[in-house]
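Any read-out appearing in this document is the output of simple, stated calculations on the displayed coordinates, not a laboratory observation. All of these numbers come straight from a predicted model, not from anything done at the bench. Cβ placement follows ideal geometry from the backbone for every residue including glycine, while neighbour counts extend to all protein chains displayed.
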Amino acid sequence: MREYRRKQLLERIGRDGATVGQSIPERIEIQGEEIDLREFVFEIRRRETIPSGERDRVERAKRNLRRERREREQRIEAGEISYEEGERLAEAIIGIDRALTELESLGPVDVEREAEANETADRKRWLQFLQKALGENSDM
């Protein structure tokens with residue numbers, strides 16, 4: 001593949017908004033295993049929150065998608081493939097990015113942990129307010 005073509009592909013996959021209008025691939029091979037990616041993402045997105053039993057599965061899927069994305073990007077960076085193969089890899093990478101965007105936009109995966117963090121932050125702000133109001137200058 002020519003250098004300027006390789007750079008075009010890398011710029012395309014790195015562009016902000018590259019996933020706009022892009023669909024999630026129906027099926028994708030990740031780590032040698034065929035996965036129904038679109039069905040998995042839509043199944044998870046239908047739920048308001050992720051049940052505790054599914055959290056590990058979703059996190060594992062996101063890690064595998066990120067790893068697969070990196071590996072495909074590295075193949076393009078190496079430039080030892082044809083432009084047509086680079087095009088297919090770029091399309092797949094953008095589809096993976098779209099799936100990751102959907103999975104990461106699910107909000108807090110652990111509702112209990114998020115509630116605890118908010119409660120702790122509220123307590124800390126309240127204590128800081130009281131210290132300020134009472135004129136105490138101790139660090140917390």
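Summary of computed values
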read-out	value
Gaussian network model of the chain, springs between alpha carbon atoms under 10 Å - residue of ALA90, ALA117, ALA18 with greatest fluctuation	ALA117
Relative contact order [Cα under 8 Å, 6+ residues apart], the chain, whole percent	34
FRET E, pair GLU33, GLN74, Förster distance 22 Å, beta-carbon r, rounded to 0.05	0.65
Environment charge of TRP126, counting only residues whose C-beta is closer than 15 Å and scoring Lys/Arg +1, Asp/Glu -1	+1
Segment ALA121-ARG5, length gained on full extension (0.36 nm per residue, minus Cα span)	36.8 nm
Choice from VAL41, VAL58, VAL20 with maximal GNM fluctuation in the chain (Cα, 10 Å cutoff)	VAL20
Fluctuation leader among LEU130, LEU106, LEU37 - the chain, Gaussian network, Cα springs under 10 angstrom	LEU130
Tilt relative to the chain, helix 52-78 - C-alpha long axis, 0 to 90 degrees, to 10	50
Rounded to 10°, Cα long-axis angle of helix 3-14 versus longest principal axis of the chain	30
